[in-house]
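The block underneath contains the structure these notes are about, expressed in structure tokens.
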Amino acid sequence: MAKCGVLQVPGRFALALSAMTGWRRLGLAFGAGVMASLALPPLYWVFLLWPAFAVFFWLLDGCGRFRAALVGWFFGFGFSVAGLYWVGSSFLVDAEKFAVLMPFAVAGLAAVMALFTAGVTYLTALSGLTGLQRIFFFTAAWLFADWVRSWLFTGFPWNFLGTVWGFSDAMLQLAALGGVWALTLVTVLAAAVPSLLRDAASKPLTTGALVLIPQMLLLAVWAGGELRLSAAPALGESVVEGQRFRIVQPAIAQKEKWIRNLRLEHVKTQMNMTLWEG
């Protein structure tokens, strides 16, 4: 009985969330988006993606396509407004003139980015799919939306969910095969499937397997990355004879970057950094 009661908890929680209406539903969607953004650099709190996406999916349960788009927009707005806070730093270079514009710039950009998430949830609701099929469709739609925003209107290639693995060299090895898109694919899929725990009480074995398999896929990506790294040449060894590369980062302070009489000095700094010594 105790075991059965534990398995019923996700279902009860999912039912309570799907029954929410009005600003409570939208506010929680916003909060789930903020939670998901904490997985991005520099925090890398990847573990928060799982509860964030579970709550997100349960809030979408029972929504028609237009309400689903609204829930998706609030999730995307929370994700972007928290994840794009750094955009506002440019307004502090001349704070006296521009600081007042910072919240409007960040919120405005986040509002536009949230339209992509709204499109994903709209299409997912329109598909009429349920269960694992809905998660597959949602993952594909999310990946497509990320790809579109990477080039539309010159593109905005930041805050892809694949970047949450930036702290792990092993996980990043998958990018050699499929770029950030492959990492985003496995991440969204793994984070979304725990929403199926809603049915854990009635189908414990099936649900458990469906939730576990994508997590094992993440583990396989990590293991494959570790294997690839172990076969890499030792640091400092010449892979291509006669070829040497240097990447420089002058780290010029933002407030000094565009001062006219410092331009020549900036160029000299970067040229000196490219000189090969030894």
Practice problem: Consider all pairwise Cα distances in region 96-203 and report the whole-number % of them above 24 Å. | Solution: 39
Quiz item: For A99 and L217, what does the FRET efficiency come to when R0 = 45 Å and r is the distance between their Cβ atoms, rounded to the nearest 0.05?
Solution: 0.50
Self-check item: the chain - Rg over Rh from alpha carbon coordinates, Kirkwood radius
Solution: 1.06
Quiz item: Could you give the length gained on full extension between R263 and A19, defined as 0.36 nm per residue of separation minus the Cα-Cα distance, in nm?
Solution: 81.9 nm
Exercise. Report, to the nearest whole %, how much of the accessible area of the chain belongs to carbon and sulfur atoms, 1.4 Å probe, protein only.
Key: 69
Quiz item: For region 20-106, with every protein chain kept in place, what is the accessible area per residue (1.4 Å probe, Å²)?
Solution: 49
Quiz item: Can you give the helix-only mean residue ellipticity at 222 nm for the chain, where every DSSP H stretch with n ≥ 4 adds -39500 (n - 2.57) and the sum goes over all residues, rounded to the nearest 500 deg cm²/dmol?
Solution: -21000 deg cm²/dmol
Self-check item: W151 paired with F167, simple spin-label distance in nm, labels 7 Å along Cα-to-beta-carbon
Solution: 3.3
Practice problem: Give the residues of region 255-278 whose amide nitrogen is closer than 20 Å to a point set 7 Å from the Cα of R246 in the direction of its Cβ. | Solution: 264-278
Quiz item: Say each of L129 and A175 gets a label point 7 Å from the Cα, pointing the same way as Cα to Cβ; how far apart are those two points in nm?
Solution: 2.7
Self-check item: Mean Kyte hydropathy of -0.5 or more with a Cα span along the axis of at least 15 Å, helices from DSSP in the chain
Solution: 2-18, 22-37, 49-60, 65-83, 102-127, 131-149, 175-192, 204-230
Quiz prompt | Per-pair calculated FRET efficiency, R0 = 41 Å: A231 and E256 via Cβ, rounded to 0.05 | solution = 0.40
Quiz item: Which of the aspartates and glutamates could a cross-linker span from K255 if the Cα-Cα distance has to be under 17 Å and same-chain partners fewer than 8 positions apart are dropped?
Solution: D94, E96, E265
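The values are calculated or read from the model by the stated rules, or taken from the named source; none is laboratory data. The model shown is predicted, which means the values in this text are computed figures rather than measured ones. FYI the Cβ positions are ideal-geometry reconstructions off the backbone, even for glycines, and counts take in every protein chain you see. Areas reflect the complete protein model, heavy atoms only, side chains present, ligands, DNA and RNA absent. Shrake-Rupley method; radii C 1.70, N 1.55, O 1.52, S 1.80 Å.
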